[in-house]
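The values are calculated or read from the model by the stated rules, or taken from the named source; none is laboratory data. What you are looking at is a predicted structure, and each value in this text was computed from that prediction instead of being measured. Virtual Cβ from ideal backbone geometry, glycine too; neighbours counted across all protein chains shown. With ligands, DNA and RNA removed, areas are computed over all heavy atoms of the protein, side chains included. Shrake-Rupley method; radii C 1.70, N 1.55, O 1.52, S 1.80 Å.
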Amino acid sequence: MILEVAIALITLHFAVPIAYYATVIKWMKRPWPDVANADLPSVSIIIPTFNEADVIGKRIINIAGQGYPLDKMNVILVDSSSDGTADEAERQARASGLRLSILREEERRGKAEALNAGLKLATGDVVVIADADAFWGANALPNAMSWFSNPKIGAVSCVKTPLSGNSTELSYRNLYNVLRVGESKKFATPIFHGELAAFRRDLLMKLGGFPTDIGADDSHTATRIAAMGFRSIIPENVTCAELVPTAGFSKWKVRRAQHLIQNFIKAIRLEYPSDFKPIIYTEFYLHVINPWILAAAVVLLLMNHGVQAMALLAAGLAAAAWGPYRSWMVQQLYLLVASVRNLRSKELMWDKQKKPAAPKSDL
């Protein structure tokens, strides 16, 4: 009986994501919503910084080089650094002709608090949040802003790729980006990226700003905007690349998983448009429940001690030689660890992790 239950749980664990992926592939064939050839909106870009002196100059160059009208764009730096980050940003902004406001925090209070402080200074029709250590692809900003000509679109984020990382991370990102784009074509995606996440300012104000009680300020805001009936999308023509930690990679992944789990646990209580329900409910299941289905199956197989149970476990280990399977299993482990860590800490503030040097040129 134990073996049969374990096999049923394993089947369930893999059947749901495979069926969902197949469904998303069908959604990928849908057309994007129409956009008009309208004037680009004014934009306020908020960048929270903590000791980013080694990358902030290149980040400012990357933003200024987007080809977006400089008179319609301003950057708000919310800085709690001790390494001269703000001074370096100010120097490079002057050289680039970019309007820059600097809000210096006396103490570090966390990313969402910094974003809300910056939001008070934002005057643009669209508010973009951006990380200091990620870089936008060519025309990412104008491409993102063009989607706001459609009044049904409330938020836009980016297709994200790592600038460095292991093969497991690269395999994961390839699958991950398909899901984000396909969900967007259906209606909206509940997972946004702080490297470039753009929101209509009037919707942000209605929401009261970014949530400060969970770590996924970007994803949860996008999900709440979808609950309001607006589309939160990630289109293929908005791209960015992020620096991946060279040390503490697993800790970095677990923290991100913690924040996503926090988002889904809080978001599942909201009411959603019918087109978004299959997305949000499935993603909740995949992030919060499905990893524990697998864990339960493994425990039952270990309890069985039979030849068939051991053969299944051995086959599962051997299958790790296949990249996509290995990537999936590693993500399940991160989600399990993240679920347990959330019981102790939400990781709303974290230590700065060492990442490779910023690229020498624009992406």
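In table form, for the structure just shown:
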{"read-out": "Those residues of the stretch 269-287 which are buried (at least 16 other Cβ atoms within 10 Å of the Cβ), within 20 Å of PRO211 (Cα to Cα) and of a type in the set (A, V, I, L, M), in sequence order", "value": "ILE280"}
{"read-out": "Given (1) farther than 19 Å from ARG256 by Cβ; (2) in contact with an Asp or Glu (Cβ under 8 Å, 6 or more places away or on another chain); (3) not in a loop (DSSP other than H, G, I, E, B), index of the condition GLY154 fails", "value": "(2)"}
{"read-out": "Only listed residue being crowded, with 22+ Cβ neighbours inside 10 Å and either outside any loop (DSSP other than H, G, I, E, B) or among the hydroxyl-bearing types (Ser, Thr, Tyr) (or both), chosen from ILE265, ILE225", "value": "ILE225"}
{"read-out": "Pairs where the first residue, in the stretch 147-171, is more than 25 Å from SER232 (Cα to Cα) and the second is of a type in the set (Val, Ile, Thr) and modelled with pLDDT of 85 or more, C-beta under 6 Å, 6+ apart", "value": "THR168/VAL330"}
{"read-out": "Only listed residue being in contact with a Gly (Cβ under 6 Å, 6 or more places away or on another chain) and farther than 24 Å from VAL238 by Cα, chosen from GLU107, GLU88", "value": "GLU88"}
{"read-out": "Residues of the stretch 43-57 classified as open to solvent by 10 Å² or more (accessible area, probe 1.4 Å) and within 19 Å of GLY67 (Cα to Cα), total", "value": "0"}
{"read-out": "Test result for THR223, of a type in the set (Ser, Thr, Tyr), under 28 Å from MET28 (Cβ atoms) and touching a residue at least 24 places away in the same chain (Cβ under 8 Å)", "value": "yes"}
{"read-out": "Complete set of residues in the stretch 193-214 that are of a type in the set (Asp, Glu) and under 14 Å from ILE45 (Cβ atoms)", "value": "GLU195"}
{"read-out": "ASN116, sole failed condition from (1) assigned to a helix (DSSP H, G or I); (2) without any contact (Cβ under 8 Å) to a residue 60 or more places away in the chain; (3) in contact with a Gly (Cβ under 6 Å, 6 or more places away or on another chain)", "value": "(2)"}
{"read-out": "Verdict on VAL298 being surrounded by 13 or more Cβ atoms within 10 Å (Cβ to Cβ), under 22 Å from TYR176 (Cβ atoms) and either modelled with pLDDT of 95 or more or of a type in the set (A, V, I, L, M, F, W, C) (or both)", "value": "no"}
{"read-out": "Candidate set: the stretch 238-262, residues that are at pLDDT below 95 and part of a loop (DSSP other than H, G, I, E, B); chosen: the one nearest to LYS58 (Cα to Cα)", "value": "LEU243"}
{"read-out": "Candidates ALA22, ALA8, filtered to the one that is surrounded by 13 or more Cβ atoms within 10 Å (Cβ to Cβ), without any contact (Cβ under 8 Å) to a residue 60 or more places away in the chain, hydrophobic (A, V, I, L, M, F, W, C) and not in a loop (DSSP other than H, G, I, E, B)", "value": "ALA8"}
{"read-out": "Residue satisfying all of: in the stretch 308-327; without any contact (Cβ under 8 Å) to a residue 12 or more places away in the chain, open to solvent by 50 Å² or more (accessible area, probe 1.4 Å) and assigned to a helix (DSSP H, G or I); farthest from GLU4 (Cα to Cα) among these", "value": "ALA321"}
{"read-out": "Positions within the stretch 237-252 being among the small types (Gly, Ala, Ser) and over 14 Å from the mean Cα position of the chain (by Cα), in sequence order", "value": "ALA247, GLY248, SER250"}
{"read-out": "Residue satisfying all of: in the stretch 190-214; in contact with a Phe, Trp or Tyr (Cβ under 9 Å, 6 or more places away or on another chain) and not hydrophobic (A, V, I, L, M, F, W, C); surrounded by the fewest Cβ atoms within 10 Å (Cβ to Cβ) among these", "value": "ARG200"}
{"read-out": "Total residues in the stretch 228-239, condition surrounded by fewer than 24 Cβ atoms within 10 Å (Cβ to Cβ) and closer than 11 Å to SER157 by Cβ", "value": "2"}
{"read-out": "Hits in the stretch 8-40 (condition: among the aliphatic types (A, V, I, L, M), at pLDDT 95 or above and over 19 Å from SER184 (Cβ atoms))", "value": "ALA8, LEU9, ILE10, LEU12, ALA15, VAL16, ILE18, ALA19"}
{"read-out": "Output for the stretch 205-219, where each listed residue is of a type in the set (A, V, I, L, M) and part of a loop (DSSP other than H, G, I, E, B)", "value": "ILE214, ALA216"}
